[in-house]
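Here is the structure we will look at, set down as structure tokens.
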Amino acid sequence: MDKERAKAFMSTMVDTLNSGSLALMMSIGHRTGLFDQMAGMGEVTSSELAHAAQLDERYVREWLAAMTSGGVVDYDATSERFELPVEHERLVTRAGGPLNLASTMQTIALLASVEDDVVDAFRTGAGVPYDRYRGFQSWMAEESAARFDSALLDVIIPAIPGATEALTNGATLADLGCGSGHAIALLARAFPKSTFVGIDFSTEGLATAQQHADEACLTNVTFLNVDAAALDLVETFDYVTSFDAIHDQAQPHTVLENIHRSLVDDGTYLCVEPKAHSALIDNMEEPAAAYQYTISTMHCMSVSIAGGGEGLGTAWGSNRIAEALETAGFVDLAPVEVRPDRANSYVLCKKR
Ligand SMILES: C[S@@+](CC[C@H](N)C(=O)[O-])C[C@H]1O[C@@H](n2cnc3c(N)ncnc32)[C@H](O)[C@@H]1O
């Protein structure tokens, strides 16, 4: 028994308890707009902040206590004023776009909401179906919209050789697992001569996607409500993209084959999947590995199993992604560096 090791672990566990708690409170700070409100206000009392944010002072004061204890905000005990340091602003406010980690903290609350189902699933080996995740589509849409807004048109599309020119002149692109369709909407607006198809089996996600397309008067967009494993289109698209939409499929290999078949002969597929190594040992030093395996257990793996699938898991990793693409028939695999998005790996490949 190494007493020092036990002591260090005790300290790690207390940190973990604090971090998990703080994540929930930061999610609340994001959803109530408290972080956005605090930014630029300088030093405020709990009453001033509550008044500005139109929230209840007692709750705001307790939230500020948690934020102070967690090192998120500064506190002056004499004046009883709190301040969001300017260095923290972009990491916790909507103005930070894809850097806003307070938005990402909502993941912890979402996963916690299905804990009972996941505990049952540990006993039965069954999965947890999508419909148990209340608010999944709106959470996902918010998470990925920030990334798409900052990188899709300026970095991701230009990284696909010839795509900007082809889409400007008129091409067809499908986004598989499009969710609430933000990527499709951005593309449709930027490339009016091209046609875009969003594919998903979430009625909720597609309803939002259609509503946004209608509001923006986009006439070059359609949405297909179909299970990607049953997608039966032949030589239809010049480009297919999938953003975080393969690993949680029930039948990922069938879906990749369907994507392959749906492309025209010289078609291109951009496969975007969570960045990870395929072996646990190689992920041990990755800063967000525990987070990634938790999302996997409590969502990505379990929704796949719920659909009768193999439960690839979030961290199936770059080697297995490449193997799966090649098995589906794709060639010329090429990783693409998309700097603003460090959480995902981007692989381009050709049909032939
Ligand atoms: C993790 S979300 C990613 C959504 C979107 N691409 C984004 O980045 O915001 C995965 C999406 O794949 C969809 N999906 C999962 N399995 C599917 C299937 N078998 N057929 C069609 N869509 C599916 C889900 O409904 C969900 O919208």
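The values are calculated or read from the model by the stated rules, or taken from the named source; none is laboratory data. Note that the structure is predicted; figures quoted are calculated from it, not measured. Here the Cβ is made from the backbone with ideal geometry for all residues, glycine too, and neighbour counts use every protein chain on show. Quick note on the areas: whole protein, heavy atoms, side chains included, nothing else; ligands and nucleic acids left out. Shrake-Rupley method; radii C 1.70, N 1.55, O 1.52, S 1.80 Å.
Sorted on the mean count of surrounding Cβ atoms within 10 Å across their residues, most packed first, peptides 53-60, 302-309 read 302-309, 53-60. With the Kirkwood sum run over all distinct C-alpha pairs, the range 1-140 has a hydrodynamic radius of 17.0 Å.
With the highest mean first, a sort of the peptides 227-234, 1-8, 148-155 on other beta-carbon atoms found within 10 angstrom per residue produces 148-155, 227-234, 1-8. Only bridges with both residues in the chain count here: give the DSSP antiparallel percent, nearest 5. In the chain, DSSP labels about 45 percent of beta bridges as antiparallel.
Heavy-atom surface analysis with a 1.4 Å probe gives the range 3-105 a carbon and sulfur content of 56 percent of its accessible area. Under 29 Å of direct C-alpha separation, and excluding same-chain neighbours fewer than eight residues apart, K275 reaches these lysines: K350, K351. Against the empirical curve 2.2 N^0.38 Å, the C-alpha radius of gyration of the range 61-111 lands at a ratio of 1.26. Computed with a 1.4 Å probe over protein heavy atoms only, the accessible surface of the chain comes to 51 Å² per residue. Compactness ratio for the chain: Cα radius of gyration over 2.2 N^0.38 Å (N = residue count) comes to 1.08.
Heavy-atom accessible area for T297, with the other protein chains in place and a 1.4 Å probe, reaches approximately 50 Å².
Within the same chain, aspartates and glutamates fewer than 8 places from K193 are excluded, and of the rest, those with a Cα less than 18 Å from its Cα are E165, D175, D214, D238. Each other residue within a Cβ distance under 12 Å of D117 adds +1 if Lys or Arg and -1 if Asp or Glu, for a net charge of -1. In terms of the mean number of neighbouring beta-carbon atoms within 10 Å, the peptides 61-70, 117-126, 159-168 order highest first as 61-70, 159-168, 117-126. Here the chain is assigned +1 on the Cβ of each Lys and Arg and -1 on the Cβ of each Asp and Glu. Its dipole about the Cα centre then comes out at about 180 debye. A straight chain from K3 to A289 at 0.36 nm per residue would run longer than the Cα-Cα distance by 100.3 nm. Of the solvent-accessible surface of the range 185-288, computed with a 1.4 Å probe over protein heavy atoms with every protein chain present, carbon and sulfur atoms account for 54 percent. For T241, the amide hydrogen comes within under 5 Å of the amide hydrogens of A174, D175, L176, L270, counting only partners 5 or more places away or on other chains and with H modelled in the peptide plane.
For the range 197-352, the square roots of the Cα gyration tensor eigenvalues, ordered a ≥ b ≥ c, give a/c of at least 1.5 with a/b greater than b/c, which places it in the prolate category. Calculate log10 I(q)/I(0) of the range 1-66 for q = 0.12 Å⁻¹, where I(q) comes from the Debye formula with a single equal point scatterer on each Cα and nothing for solvent. Once normalised to I(0) and log-transformed, intensities are -0.43.
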